[in-house]
Amino acid sequence: MVIGPERVARGSSEIKAMSERNFMIIPPGSDFQVTQKVVTENMAYIVWTAESERVKVPFGTDTFFMEKGKIVAQSFACQVIRKA
């Protein structure tokens, strides 16, 4: 399950569709920097920035919840500034 500001994606097909939309906005090869990372036994938290030809993301954050070494849930949020 992935919880985002616009929707909750459940199951591999919904998560894949959400990821594909995100990669259209911030495609591979964009400037992506992790500025903070905190990892505990069953959670990981990152803060990041990104910039592509289409958008600038001055602040993004993801939290991952893990069980038995696998991600079982994720939440994310980011500030997206569209370029003209």
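Numbers below:
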{"quantity": "Counted residues, segment 14-32 - those being over 13 Å from GLN74 (Cβ atoms), modelled with pLDDT of 90 or more and either aliphatic (A, V, I, L, M) or more than 12 Å from the chain's Cα centre (by Cα) (or both)", "calculated": "2"}
{"quantity": "Members of segment 34-45 found to be within 12 Å of the chain's Cα centre (by Cα) and either under 13 Å from VAL57 (Cβ atoms) or exposed (fewer than 11 other Cβ atoms within 10 Å of the Cβ) (or both), listed by number", "calculated": "VAL34"}
{"quantity": "Residues within segment 48-84 that are over 22 Å from ARG7 (Cβ atoms) and under 13 Å from the mean Cα position of the chain (by Cα), tallied", "calculated": "1"}
{"quantity": "Segment 1-13, subset modelled with pLDDT of 85 or more and surrounded by 11 or more Cβ atoms within 10 Å (Cβ to Cβ), residue nearest to GLN74 (Cα to Cα)", "calculated": "VAL2"}
{"quantity": "Pairs where the first residue, in segment 9-28, is over 22 Å from GLU53 (Cβ atoms) and the second is assigned to a helix (DSSP H, G or I) and among the β-branched types (Val, Ile, Thr), C-beta under 7 Å, 6+ apart", "calculated": "ALA9/ILE15"}
{"quantity": "Members of segment 55-79 found to be among the charged types (D, E, K, R), touching a residue at least 24 places away in the same chain (Cβ under 8 Å) and in contact with a strand residue (DSSP E or B) (Cβ under 6 Å, 6 or more places away or on another chain), listed by number", "calculated": "LYS56"}
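The values are calculated or read from the model by the stated rules, or taken from the named source; none is laboratory data. Remember, predicted model here, so these are calculated numbers, not experimental data. So basically every Cβ, Gly included, is an ideal-geometry build from the backbone, and we count neighbours across all protein chains shown.
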